[in-house]
Amino acid sequence: SQPILRVRDLKMHFPVKKGLRTLGTVRAVDGLSFDLHQGETLALVGESGCGKSTTGRAVLRLLEATDGSIQFMGEEVRQMSRSRLFQLRREMQIVFQDAYSFLNPRLPIGESILEAMEVHGLHTKEQRADKLSELLQTVGLNDSYAARFPHELSGGQRQRIGIARALSLHPKVIVADEPVSALDVSVQSQVLNLFQDLKEQFGLSYLFISHDLSVVRHVADRVAVMYLGKIVETGTADELFENPQHPYTQALLSAVPQPEVAATRERVILQGEVPSPMNPPSGCAFHTRCPIATELCRQSVPALESTTGDDHLVACHFVGGEGSA
Ligand code: SF4
Ligand code: MG
């Protein structure tokens, strides 16, 4: 079936200027392709600065892509008119790390949710009031929250409100950008469970952005691991967590406490920070941190290829079939 979201060779390059001088180009996203299917959670994973959030904003056109294609149900997002884009931003919602970013601090939260529905012309005034109370229940809060102000809520409650607001517009896709990163671990699992329940209840599809693999493991059907604007490994969550192939994925995973595998796998420790996406390393961009890099890695960009004939893809010269050295 047709993916609900189809991204091909997406590029987000930003010139960096100082006065009139161009210092360079930040390649925040550098040739990214993925499909998100109906009812699926695709997790974009990587350290901060790898281009995950930029990708999330590009698919909603909150940031303009510099190249490539973004199709929502077969329609090119990059060519949408203003009015079509307005609709798209109902059909595709974004949930941020903290709902503070869109809740008006001076409005009771119920008003914010009612306003979102009204702006999009959904329902009559009476229906919206009913809907509000229904939405609060759906996310595990009660009617009394409608009258509260954003600062009166805990982080977890605010995320529930952010989710309620997104749901009020009947989206098909939710881009969730680090939706539980600001929460205590105990609250994280509650909010993640809510995401899971809502996905089933409403047939939602999630593009789930996170740097935290233990969170991703909890929610993802498929995973795409990003490094400096590119996908370096992608596959089903089971396959990726059980059989990671790319040295970067292996390093990320060995940093996560995983009782069931920790004993059997050698730890790979990541050295140093992610290099700047301005003038990224040549060849395989991971070579400056890769424990098994060779001269070939410094010179030649590895293609993202299937290693086993299925849809588990890896971009490394030293993983996989014929292409490997
Ligand atoms: Fe490491 Fe080379 Fe593979 Fe890149 S291509 S991940 S540097 S071995
Ligand atoms: Mg980010």
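Among the residues making up segment 136-164, those that are under 24 Å from the mean Cα position of the chain (by Cα) and of a type in the set (A, V, I, L, M) are Val139, Ile161, Ile163, Ala164.
With a requirement of 1 or more residues that are in contact with a helix residue (DSSP H, G or I) (Cβ under 8 Å, 6 or more places away or on another chain), within 15 Å of ligand 1 (Cβ to nearest atom) and at pLDDT below 95, the helices (runs of 4 or more DSSP H) lying completely within segment 202-313 that satisfy it span 247-254.
Against the conditions (1) modelled with pLDDT of 75 or more; (2) more than 16 Å from ligand 2 (Cβ to nearest atom); (3) out of contact with any helix residue (DSSP H, G or I) (no Cβ under 8 Å at 6 or more places or on another chain), Cys316 satisfies every one except (3).
Per-residue answers, yes or no, for (1) more than 19 Å from Val175 (Cα to Cα); (2) modelled with pLDDT of 95 or more; (3) surrounded by fewer than 18 Cβ atoms within 10 Å (Cβ to Cβ):
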{"site": "Leu5", "(1), (2), (3)": "no, yes, no"}
{"site": "Met12", "(1), (2), (3)": "no, yes, no"}
{"site": "Val16", "(1), (2), (3)": "yes, no, yes"}
{"site": "Arg21", "(1), (2), (3)": "yes, no, yes"}
{"site": "Arg27", "(1), (2), (3)": "yes, no, no"}
{"site": "Gly31", "(1), (2), (3)": "yes, yes, yes"}
{"site": "Val45", "(1), (2), (3)": "no, yes, no"}
{"site": "Ala58", "(1), (2), (3)": "no, yes, no"}
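Of all residues in segment 15-52, exactly one satisfies the criterion of being among the hydrophobic types (A, V, I, L, M, F, W, C) and free of Cβ contacts under 8 Å to residues at least 24 places away in the same chain, namely Leu20. Restricting segment 58-95 to residues that are assigned to a helix (DSSP H, G or I) and touching a residue at least 60 places away in the same chain (Cβ under 8 Å) leaves a set whose member that is nearest to the chain's Cα centre (by Cα) is Val59. Within segment 62-80, identify whether any single residue is under 13 Å from Asp177 (Cβ atoms) and surrounded by fewer than 16 Cβ atoms within 10 Å (Cβ to Cβ), and answer yes or no. Yes, segment 62-80 contains a residue that is under 13 Å from Asp177 (Cβ atoms) and surrounded by fewer than 16 Cβ atoms within 10 Å (Cβ to Cβ). With in contact with a strand residue (DSSP E or B) (Cβ under 9 Å, 6 or more places away or on another chain) and either within 16 Å of ligand 2 (Cβ to nearest atom) or more than 24 Å from Ser205 (Cβ to Cβ) (or both) as the only criterion, which of Ile4, Ile70, Ile94, Ile109 stands out? Exactly one of Ile4, Ile70, Ile94, Ile109 is in contact with a strand residue (DSSP E or B) (Cβ under 9 Å, 6 or more places away or on another chain) and either within 16 Å of ligand 2 (Cβ to nearest atom) or more than 24 Å from Ser205 (Cβ to Cβ) (or both), namely Ile94.
Taking the listed residues Val191, Val173, the one that is more than 15 Å from the chain's Cα centre (by Cα) and away from ligand 2 (no atom under 16 Å from the Cβ) is Val191, with no other qualifying.
The values are calculated or read from the model by the stated rules, or taken from the named source; none is laboratory data. Just so we're clear, the structure is a prediction, and the values are computed from it rather than from any experiment. Reconstructed Cβ throughout: ideal geometry from the backbone, glycine too, with neighbour counts over all protein chains shown.
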